[in-house]
Amino acid sequence: MIKIKKILYPTDLSEYALHALPYATELAATYKARLCLLYVVDNYLIGAPGAGFAGQPDDLLHRVKESGVSNLKNLISKIKDVNAESAVLIGTPHVEIVRYAREQDIDLIVLATHGRKGIAHALIGSVAEKIVQMSPCPVLTVKHPEHEFVMP
């Protein structure tokens, strides 16, 4: 029998990411698992030269991190009947998510896909795809409901 004790829900706090949260919470409730919500502040975007942010990079990093903490607390306050916790990390999202999954002995990762295609996918890449490739545990990816699957 498969035992799921810890489920990781990495989020970028976007509308797309929120579509995976019901899956994560329902699975956590079903398996009586701990739900870990994780937000990663992308240090490349914060520290990118010429990004045009006002203020010192450290100040901006602190504000973005605090905003992430606040947003995750807000999400947790809406989750019922599930033991949930949150964390905010700084770094490259897919690297930090996989590292967190390893360090915290996560049994399942539930995350959303943005459904980028073509040039956007080539330039930005897919965090979800990298996590699936590098993850130490199974990964459930949830696509946005507006992105309907069509057979070729």
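Name every residue in segment 75-103 that is in a loop (DSSP other than H, G, I, E, B) and under 21 Å from Glu26 (Cβ atoms), in order of residue number. Once the filter is applied, which keeps residues that are in a loop (DSSP other than H, G, I, E, B) and under 21 Å from Glu26 (Cβ atoms), segment 75-103 yields Lys78, Ile79, Lys80, Asp81, Val82, Asn83. The single condition from (1) assigned to a loop (DSSP other than H, G, I, E, B); (2) of a type outside the set (Val, Ile, Thr); (3) at pLDDT 95 or above that Leu38 fails is (1). When you check Arg99 against the structure, is it farther than 13 Å from Leu37 by Cα and modelled with pLDDT of 95 or more, yes or no? Judged against the criteria, Arg99 is a match.
Test Val69 against the stated conditions and say whether it is at pLDDT 90 or above and not in a loop (DSSP other than H, G, I, E, B). So Val69 fits the description; yes.
Quick grid of which residues meet (1) modelled with pLDDT of 70 or more; (2) closer than 21 Å to Tyr44 by Cα:
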site: Val95; (1), (2): yes, yes
site: Gly118; (1), (2): no, no
site: Cys137; (1), (2): yes, no
site: Pro145; (1), (2): no, no
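Every condition in (1) modelled with pLDDT under 90; (2) surrounded by 12 or more Cβ atoms within 10 Å (Cβ to Cβ) is met by Gln56 except one, and the failing one is (2). Evaluated against (1) surrounded by 15 or more Cβ atoms within 10 Å (Cβ to Cβ); (2) modelled with pLDDT of 90 or more; (3) farther than 26 Å from Lys3 by Cα, Ile109 falls short on exactly one condition, (3).
The values are calculated or read from the model by the stated rules, or taken from the named source; none is laboratory data. Small disclaimer: the values here were computed from a predicted structure and weren't measured. Glycine also receives a Cβ, built like all others from the backbone with ideal geometry; neighbour counts cover every protein chain displayed.
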